[in-house]
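Only one structure is covered here, and it is reproduced in the block below.
The values are calculated or read from the model by the stated rules, or taken from the named source; none is laboratory data. Worth saying up front: this structure is predicted, and the values here are computed from it rather than measured. Glycine also receives a Cβ, built like all others from the backbone with ideal geometry; neighbour counts cover every protein chain displayed. Remember, those area values only see protein heavy atoms, side chains included, never the ligands or the DNA or RNA. Shrake-Rupley method; radii C 1.70, N 1.55, O 1.52, S 1.80 Å.
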Amino acid sequence: MIDLHTHTTSSDGTDTPRELVNKAIVQGLEVLGISDHDTTSGWQEATESLRGNLKLALGAEISCLTDDGISVHMLGLLFDPLHQEMQTVLEETRDGRLPRMRKMIQKMQAEGFDISIEDVEKVMPAGATMGRPHLADALVNKKIVKSRDEAFTDLLHNESRFYVSHAAPTPIEAVKLIRRAGGVAVIAHPFASRRGQILGTKDFTDLVMAGLNGIEVDHRDHNPSERAMLRVIATELDLVITGSSDYHGTGKLNSLAENHTDRAQWERLESEANARRVVSL
Ligand code: AMP
Ligand code: ZN
Ligand code: FE
Ligand code: FE
């Protein structure tokens, strides 16, 4: 099976890159994509952990904001990790996440929540991209909520009064950047409406003009009719169709490879990168 979208302790997943690679090997996956939020810091450990027949499609899930303030996640896979502009953009986004977290915490403190930035830093793995799931973990530790899921449902979702966005490229900028860095761009869970406002059909055309390669169709946050609509859009725009788990370890219910990508779709996607960057032994 081919699972192109997962997270590790380099962002808000709970398995280290080594643990995740081991799980993929035990499950007999063909290709594992590792796509931590706004970082490539897990790539080296994942590569060093590789054994047997597993192949790695290394990447990052780039946080984006449209000019209208809609949050979009863009998967960049198989890009050159030494591409300077890519690393600069990723670093700028990561840097914006600390002041953003401080603002969210201030809003919560103003309503009497006993939570501080130190509480968040305590639960974060060293070097991880800071995100709301870490704030959720801190709230669990403080017994304010029972789980990450409860934290998001009650307090941290995109429409929440505590929500603050952070600086990020637009989806079109992100697609162009991924392609300039030689990789392929797949829009992640585009119809996950539970997370807030979503893109319209016209937006997909603009992304294709920018160089978009694929759409993540099979994802747990899409219901059957959303998947059907996305399949139509992908077919009309001649885009690769992917499916993935968005696995986060114990941080979410998603299990590894619960959704996956057809081999023919993967082969086409892989061929659209500007060099063969799949890692295999
Ligand atoms: P951020 O990048 O800080 O905006 O946080 C977004 C992350 O929160 C995404 O990676 C999601 O996977 C995660 N997330 C969203 N909803 C939930 C939920 N209900 N339970 C756990 N994690 C979630
Ligand atoms: Zn995440
Ligand atoms: Fe995402
Ligand atoms: Fe994700």
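Quick notes on this one:
- Here the dipole of segment 97-156 is about 200 debye; that uses its Cα centre as origin and unit charges on the Cβ of Lys and Arg (positive) and Asp and Glu (negative).
- Accessible surface of segment 97-156, 1.4 Å probe, proportion on carbon and sulfur as whole %: 49
- Accessible surface of segment 10-85, 1.4 Å probe, proportion on carbon and sulfur as whole %: 47
- Estimated distance in nm for a label pair at THR47 and GLN84, the labels positioned 7 Å out from Cα along Cα-to-Cβ: 2.0
- Hydrodynamic analysis of segment 60-189 uses the Kirkwood radius over alpha carbon pairs. Inserted into Stokes-Einstein at 10 °C and 1.306 mPa s, it gives a translational diffusion coefficient of 101 µm²/s.
- Computed over protein heavy atoms with a 1.4 Å probe, the carbon and sulfur contribution to the accessible area of segment 217-281 reaches 51%.
- For segment 148-216, the list of trypsin sites (Lys or Arg not before Pro) that fall in a loop by DSSP and count at most 12 other C-beta atoms within 10 angstrom reads ARG161.
- Cα gyration tensor shape of the chain, rounded if a/c is under 1.5, else prolate or oblate by comparing a/b with b/c: prolate
- Size of electric dipole in segment 1-107: Cβ of Lys, Arg +1 and of Asp, Glu -1, about Cα centre, debye, nearest 20: 380
- Cross-link partners of LYS107 among lysines, defined as those whose alpha carbon lies under 30 angstrom from its own and excluding same-chain residues fewer than eight positions apart: LYS122, LYS142, LYS143, LYS146, LYS252.
- Rolling a 1.4 Å probe across the protein heavy atoms gives segment 95-219 an accessible surface of 45 Å² per residue.
- If R0 is 35 Å, the Cβ-Cβ spacing of GLN109 and ASN22 corresponds to a FRET efficiency of close to 0.30.
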